[in-house]
Structure formats: C-alpha cells, structure tokens
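The values are calculated or read from the model by the stated rules, or taken from the named source; none is laboratory data. Note that the structure is a prediction, hence the values are computed from the model and not measured. So basically every Cβ, Gly included, is an ideal-geometry build from the backbone, and we count neighbours across all protein chains shown. The area values use the complete protein model at the heavy-atom level, side chains included, leaving out ligands, DNA and RNA. Shrake-Rupley method; radii C 1.70, N 1.55, O 1.52, S 1.80 Å.
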Amino acid sequence: MNIGIAGTGYVGLVTGVCLSEAGHHVTCLDVSPEKIALMKSGKSPIYEPGLEEMMQRNQAAGRLTFTTEKTEAYRGKDILFIAVGTPEGENGHADLSFVKKVAEEIGDTIQDDAIVVTKSTVPVGTNDQVEAIIRERAASNIQVHAVSNPEFLREGNAIHDSFHGDRIVIGGHHQPAVDKVAECFSSFGIPIVKTDTKSAELIKYASNAFLATKISFINEIANICELTGANVEEVAEGMGLDKRIGSQFLKAGIGFGGSCFPKDTKALTTMSAEAGYEFRMLNAVLEVNELQHNKLLEKADAENAIEKGVKAAVLGLAFKPNTDDTRESPAIRLIEELQNRGADIIAYDPIATEKMKEVFPDLTYTDSLETALQDAETAFIITDWAQIKETDPSYFKEKMKRPVIFDGRNCFTVSDMKKHGIDYHSIGRG
Ligand code: UDX
C-alpha cells in the first residue's frame, strides 16, 4: 500500500519504518526541515535499538522516503496516519492542537477519498472531530473515514513491539476502512481487535492507566515491606505466579516516568471528570508515583548523606534503559533537590546526557561510569542500564571515596553489596 505518515517522533518514525519493512511504500512527513534532512541522510533523530539500520535498509530499497511537503505525503495514498504528539496541556488535558492542525492540512491537501488513522493517544471522541475537520475542508465529493489505531509500543523495545505486540486495536464506524487498515497490518501476524471508534480510543488510556496502577500498587507494597521487614521482590514473585495477576509490571522502584504513563493517567482522570465521573483510584496512582519519585532522597536524608558540597553521582538520567528519553524521569526531581542542598553533582548516562542538558544545561555530565564514581561520596541509581547493574559491586567500593549507594531500581542484591562493604539502600527490601 501507499502510506503517508504525519509526525516522525517515536510513534510516527517507528511505524513508518516498520510498515516499510513489511513491504509498504511509506512517506513520512515532518514540519522540521532539519529532522527531515537528517533522516534523508540515513540518521535517526531518536535513539531506538535497531531503528537506524532498518530505516537505512528500506530507504535504499526505495520504500521509505521523508519529506516536508504535504502534497507528497498526503496525495495518492491508501492510508494516512496521524502520529504527532499529544503533550500534556492545561489542567491535565491532552493538547490536541497538533492533531487538529494535521487534520486541517489533510483536508486542505487531499484530492481523493481518504482513510485517516490516528495513532496518537487521543481522548475519546477525537477521531470523530478529526473526521469532521477533514470533511469540512476537503471538497464535498471526497469521502473521509477516520479510524483509531492506538500504539502500544515501549520505547527501547519499539521495533520488537511493533512486530510482536500482543494485539493491534483498530476502531472505526466504516467497516471497509477498518478492514483496509487491518489488511495493512496483516503480515505482522498479530491478533487484531476491531472495535467501535470510541472504545479503541479508550483501550489505549485504560491499558496505560492499568499498567501505571500495577506499578504504584507494587510500590506501595514495597513501602509496607520496608516497614515490616518483608521483601518486595519475593512478594512480587509470589503474586506474579498467579496467572490472574501476571508477573510483569510488578517491579518496585523509584516510580514511573516517560512520555506516556504520567500524561495519559492524568488525561484519563481529566476525561473522566469531564464526563461527570471521578476516577478515584487513578488520582491515588498519581499521588503514590509523586511520593515514590522522592524515595531515594528521603532515604538519603534519613542517613544524613547529602551535606553541602558532598560529591554525589547520579547514575542514569533516562526514564528507563535503552532510550535517550528523559521526559518525567525521576532523575529530574532528584537533581533539583540535590542542587537545592548544595551537593557537588556529577550525572552519568550512556546516551541520555544530551537530552538532560535541555533541562539542566549547567550540570556536570559524563558518559563514563568510572568518571562518575571516582571519589564520589554517595551515588543514586535512577536507571537500570546494563552498564550500571552489571557492574561488579567491588568496583563501587574501589572507585568511591565513601561507598554509600541509594538504588532506585534494585539492581543488586542486598547481601552482595553488604559483603563488599557498601552502605546500600534499595526499595522495599527491609
Ligand atoms: C508505556 C507502555 O508500556 C506502552 O505500551 C505505551 O505505548 C507507552 O507507554 P514506555 O513509557 O515506553 O511504554 O515504557 P515502559 O517500559 O512501559 O515503562 C514505563 C515506566 O514504568 C518506566 O519509568 C519504568 O521504569 C517503569 N516501570 C515499568 C516500573 O517502575 N516497574 C515496572 O514493573 C515496569
């Protein structure tokens, strides 16, 4: 099929690359000429394992092109995808301005009937609005059908998730359009769930909010473990073996971050309130996460570990491993508080330092774990990068001036760290 995609962020670019890998002809559109020039030269603007190679392969095969020209992206296509951002707007609302702008541009540009698929995470009812906007602006003889196809990929695993996801959700009220979108994904071999438009839109929010709930739940269990002497990892294992519960997303830590869980959970509570329903549980999920972001700091304060001028290493800046994304990373709050207390901070991440410089331009950064640990008097583990969790405990002891470690991701066993003489504090393990 001939496919046009608006937006080349994590969702748009990965979708475009994977659809071209599946044999479709894909044209990706972005408003940024710099980004388009970069991608035309075979470079990915985001770090995602395996993406750049797959992108280059399909460009060379002539199946994947990049443009800033709307006519090139929107005309003569079987399906158009909208994959622009829906950042957090005012009062927890999803900001739909980019989605609506793309809908207007599609309406102004198309000359034939169009199937327009929204991949961006959008509140219930948005696809109907998208369809209305395009219809209003396109010529009256043009048929427009909006289809919802929410994205479930995880950053850092995006290529794998695209080809091996648990389901593909396609929602719409015009069956031939829904079937056409299903056909576009048929070679992926992933179960396809066809629903009405609004249910598809809500599936995305409900899924993300449920996963966020699982994380906040296990984090509260971790807090109880700390007060009672139980071990959250053993509790999670014992719970997770029950198939009704499942073992995934039961890893206690310093709380969730990223571009989706915090934003989508807030958007769902706002959406619910506007529909006249108070989603009580989700308010608590968000509150627990806020408190959890402070956990390492609380522990460090209890140990008097952050006196003025102390050399503090922040290990990991990305909100999770295998991505350079630092949005809503628990590292942000920690760094702010360490700065307030006058700590001498050195921040380490294998790839996310450039992104964090946008938040803290004047911080000292390194992409060498050794440099970060050298003479440090305390270290905070924020991201469970392999480079960090596969480090031998003796290395911390050898490099640090005072081996005091606060680990927000439970990267090491308590007994191992103790054996190596490290003053080690982790989450929910007594
Ligand atoms: C998430 C959803 O998983 C994905 O389906 C959706 O499309 C986008 O949002 P992502 O934000 O990329 O994906 O990362 P994910 O791996 O889900 O992790 C989110 C956050 O939860 C991270 O901060 C991670 O550290 C945290 N997390 C995850 C935990 O604290 N414990 C867990 O058990 C799992």
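When the residues of the range 268-285 are narrowed to those that are buried (at least 20 other Cβ atoms within 10 Å of the Cβ) and of a type in the set (A, V, I, L, M, F, W, C), which ends up nearest to Val11 (Cα to Cα)?
Looking at residues that are buried (at least 20 other Cβ atoms within 10 Å of the Cβ) and of a type in the set (A, V, I, L, M, F, W, C), I get Leu268.
Within the range 358-387, take every residue that is within 17 Å of Lys399 (Cβ to Cβ) and without any contact (Cβ under 8 Å) to a residue 40 or more places away in the chain and give me the one that is most open to solvent (accessible area, probe 1.4 Å).
Looking at residues that are within 17 Å of Lys399 (Cβ to Cβ) and without any contact (Cβ under 8 Å) to a residue 40 or more places away in the chain, I get Asp367.
State all residues of the range 156-184 that are of a type in the set (Asp, Glu), open to solvent by 60 Å² or more (accessible area, probe 1.4 Å) and within 16 Å of the ligand (Cβ to nearest atom); if no residue qualifies, say none.
Answer for the range 156-184, where residues must be of a type in the set (Asp, Glu), open to solvent by 60 Å² or more (accessible area, probe 1.4 Å) and within 16 Å of the ligand (Cβ to nearest atom): just Asp166.
Please find, among Thr265, Thr213, the residue that is touching a helix residue (DSSP H, G or I) at 6+ places or on another chain (Cβ under 7 Å), open to solvent by less than 20 Å² (accessible area, probe 1.4 Å), farther than 29 Å from Ala114 by Cβ and not assigned by TED's automatic domain parsing to the domain that holds Thr118.
The unique qualifying residue is Thr265.
Sort out which residues of the range 291-306 are among the acidic types (Asp, Glu) and either open to solvent by less than 10 Å² (accessible area, probe 1.4 Å) or touching a residue at least 12 places away in the same chain (Cβ under 8 Å) (or both), and write them in order of number.
Selection gives Glu303 alone.
Could you check the range 167-188 and list, in sequence order, the residues that are in contact with a Phe, Trp or Tyr (Cβ under 9 Å, 6 or more places away or on another chain) and of a type outside the set (Val, Ile, Thr)?
Arg167, Phe188
What about Ser140, is it small (Gly, Ala, Ser) and open to solvent by 40 Å² or more (accessible area, probe 1.4 Å)?
Yes; evaluated as a whole, the condition is true for this residue.
Cβ-Cβ under 8 Å, sequence separation 6+ or interchain: first residue in the range 406-417 and closer than 14 Å to Phe380 by Cβ, partner away from the ligand (no atom under 16 Å from the Cβ) and modelled with pLDDT under 95. Which pairs?
That search, which allows pairs on different chains as well, returns Phe406/Ala305.
Would you call Asp128 surrounded by fewer than 16 Cβ atoms within 10 Å (Cβ to Cβ) and either assigned to a helix (DSSP H, G or I) or not assigned by TED's automatic domain parsing to the domain that holds Thr86 (or both)? Spell out the reasoning first.
On the way: surrounded by fewer than 16 Cβ atoms within 10 Å (Cβ to Cβ): yes; either assigned to a helix (DSSP H, G or I) or not assigned by TED's automatic domain parsing to the domain that holds Thr86 (or both): yes.
The answer is yes for Asp128.
Kindly list the number of the only condition in (1) touching a residue at least 60 places away in the same chain (Cβ under 8 Å); (2) within 23 Å of Pro45 (Cα to Cα) that fails for Ile332.
Every condition holds for Ile332 apart from (1).
Tell me, which helices (runs of 4 or more DSSP H) lie completely within the range 301-411 with 2 or more residues that are under 21 Å from Ser426 (Cα atoms) and within 16 Å of the ligand (Cβ to nearest atom)?
Filter on the range 301-411 gives 330-340, 386-389.
In the range 198-207, what count of residues is obtained for those that are open to solvent by 10 Å² or more (accessible area, probe 1.4 Å) and in contact (Cβ under 8 Å) with a residue 40 or more places away in the chain?
Qualifying residue count for the region: 6.
What number of residues within the range 107-119 are under 16 Å from His174 (Cβ atoms) and open to solvent by 30 Å² or more (accessible area, probe 1.4 Å)?
2
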